[in-house]
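Computed from the coordinates by the stated procedures, all read-outs in this text should not be read as laboratory data. Nothing here was measured: the structure is a model prediction, and the numbers come from that model. Here Cβ is always computed from backbone atoms with ideal geometry, including for glycine, and neighbour counts include all displayed protein chains.
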Amino acid sequence: MQKKIGAALISVFYKDGLEPVVKELNRLGIVIYSTGGTQKFIEDLNIPCVPVESLTSYPSILGGRVKTLHPAVFGGILGRRDVDQDIAEMKEYKIPAIDLVIVDLYPFEETLAQATSPSFAGKPEEAEKMVIEKIDIGGPSMIRAAAKNHKDLLVVAAKDDYAALVNLLQTQNGETTLEQRRAFAAKAFEVVMHYDIAISNYFNPGKVAPLQLSATKQVLRYGENPHQEGIFYGDLQQVFDKLHGKELSYNNLVDVDAAVQLITEFSADDKDAVFAIIKHTNVCGVAARSTLKEAWDAALAGDPESAFGGVLVCNKKVDKATAEAINEIFFEVLIADGYNDDALAILQTKKNRILLTLKQKPTATRQSKTVLNGVLSQENDKGNFAEWKEVGGRETSAAEKDDLSFANIVCKHLKSNAIALVKNRQLAGKGCGQTSRIDSLRQAIDKAKQFKFDLNGAVLASDAFFPFNDCVQIAHQAGIAAFIQPGGSIRDKDSIDYCVENKLAMIITGLRHFKH
């Protein structure tokens, strides 16, 4: 269903790119209504413009907060052209039909960036006042109204679409199709959603609402598979500086998220360097050592086969020696606290390799995922253990305590059912994503044997309790000397008794770490 544009309402903050639109509207004889600075811009082009005040009989008041919020404006936008009562009421109250709405929004995010810059340090009240005044009211209202009534009018809510609008006006002589109006309406709702989420984030820093789609929309090459569309909503520049490589893919981002969640357990200020290798969101190699090169070597030794094509992450600045070692294998992404110049030069020799510097830890305190026709939202899994309760046949040694704490963190970042075997703060074997805990344990032991690890004196972490003592027995036979688990089974005593009888150490933490 085609509609002819007879009147347009234009009220925009950004004027760049607007001139060709206005000239084309004028060429077509379309009446233009406008406000404030936009009205002056149009009139300076020697193009006739009707001030909105002539419709509302009110000037812009309250410092510009109220100028378009009036039935004469919203009636012209929302009036249905095929409903007799709407037509009669528009005629009775002298409300002209508006067929095109071109409105953008106050620069909230740009103002927020300015308000949080060093120039506003020590001026919180001034900064907040400036930000609050850039919360647009009339703009989103007009955009939503026009998008709602897209059956009868066209809405343009972003300057990026001005060129498309000009083309449409020129090729279709001021007429639009329902399909076109619907497409523009969809974009308009995205613009308003983007804006509202940015404001919500300002008032709720770090809190992620269910199904929160953050400010920036980035179309990815595809989703998990080439036949699936992929889109990222968020601002990666807040978290990373990208120094090199191709665009991050959907699968890259999923693995990068897992890598960042793991490495944020270890600060850049920690004495030891920590290096981890992530594959399909699971840790396949991780170690802590006194130097980054040693940490890399130990992490890679944990599973050099799975490391191929993985995502690498560390908590220190990458030096030349480490870069030379890393450069010998194929990997997709490297995330670090920074890079020495000579290290960066080595790593940049592969054009597609993605190099990221982690600028700040993600601030979201909740996680969300869509399921069925709704959304699940939960708090982040914070912490390592709630208690440290020695329940085995002997006390843990200092070295075992370090390994058990390290193993429990690693286990927290493996898919359930999860088992992590650690020796000397190095992942020696892991089992994850199995349908039974004993299968995960067998997988972990087999991995350790595959890469020639000596498990005598190693420790084991489990993300959930042992329902029977079979896991403890099998692990003991493989050389495991200490265990850490949350406890909570009605048969905890079976595993504890086995440890007591065999002089094995066991820690109960009181904190389960399921990861589905």
- line: Computed, not fitted: 222 nm per-residue ellipticity of the chain from DSSP H runs ≥ 4 (each -39500 (n - 2.57)), nearest 500, equal to -11000 deg cm²/dmol
Relative contact order (percent, whole number), the chain, Cα cutoff 8 Å, 6+ residue spacing: 10
- prompt: So between Ile87 and Ala321, what do we pick up on full extension, going 0.36 nm a residue minus the alpha carbon distance?
  reply: 76.6 nm
- prompt: Using θ = phi - 60° and the Karplus curve 6.51 cos²θ - 1.76 cosθ + 1.60, what whole-Hz ³J(HN,Hα) does each residue of segment 285-291 get, with Gly and Pro shown as x?
  reply: x, 7, 7, 10, 9, 6, 10
Sorted peptide list for 313-319, 330-336, criterion being average Cβ within 10 angstrom, highest first: 313-319, 330-336
statement: If one compares the long axis through the Cα atoms of helix 178-203 with the longest principal axis of the Cα atoms of the chain, the angle in degrees, nearest 10, works out at 60
task: Evaluate the charge dipole of segment 389-508 about its Cα centre and quote only its size in Debye, nearest 20, assuming +1 on the Cβ of each Lys and Arg and -1 on the Cβ of each Asp and Glu.
output: 360
message: Explain nothing, just compute: Karplus ³J(HN,Hα) = 6.51 cos²θ - 1.76 cosθ + 1.60, θ = phi - 60°, for every residue of segment 79-94 in order, whole Hz, x for Gly and Pro.
response: x, 7, 7, 10, 10, 4, 5, 4, 4, 5, 5, 5, 5, 4, 9, 6
- request: Compare the Cα positions of Cys284, Ala323, Thr349 along the charge dipole of segment 239-358 (+1 at Cβ of Lys, Arg; -1 at Cβ of Asp, Glu; about the Cα centre) and return the one farthest towards the positive end.
  value: Thr349
task: Assuming R0 = 45 Å, can you tell me the calculated FRET efficiency for the pair Arg221 and Glu125, based on Cβ-Cβ distance, to the nearest 0.05?
output: 0.50
- request: Report, in degrees rounded to the nearest 10, the 0 to 90 angle that the Cα long axis of helix 492-501 makes with the longest principal axis of the chain.
  value: 30
message: Only sites in a loop by DSSP and with at most 11 other Cβ atoms within 10 Å count here; which chymotrypsin sites (Phe, Trp or Tyr not before Pro) in segment 344-431 make the cut?
response: none
About the Cα centre, charge dipole magnitude for the chain (Lys/Arg +1, Asp/Glu -1 at Cβ), debye: 480
- request: Using only Cα atoms, locate the centre of segment 2-54 and the centre of segment 429-462, then give the distance between them in Å, rounded to an integer.
  value: 70
task: Quick one: dipole size for segment 1-78, taken about the Cα centre, charges +1 on Lys/Arg Cβ and -1 on Asp/Glu Cβ, in debye to the nearest 20.
output: 200
- prompt: If you find the alpha carbon centre of segment 73-116 and of segment 132-178, how far apart are they in angstrom?
  reply: 10
task: Identify which of the listed values of semi-axes √(5λ) of the Cα gyration tensor in Å was calculated from the structure shown: [x] 40, 25, 22; [y] 60, 24, 21; [z] 36, 28, 21.
output: [y]
field: Degrees separating the helix 437-450 axis from the principal Cα axis of the chain, which is the longest one
entry: 70
message: Using Cα-Cα distances under 8 Å and only pairs 6 or more residues apart, what relative contact order does segment 363-461 have, in percent?
response: 20
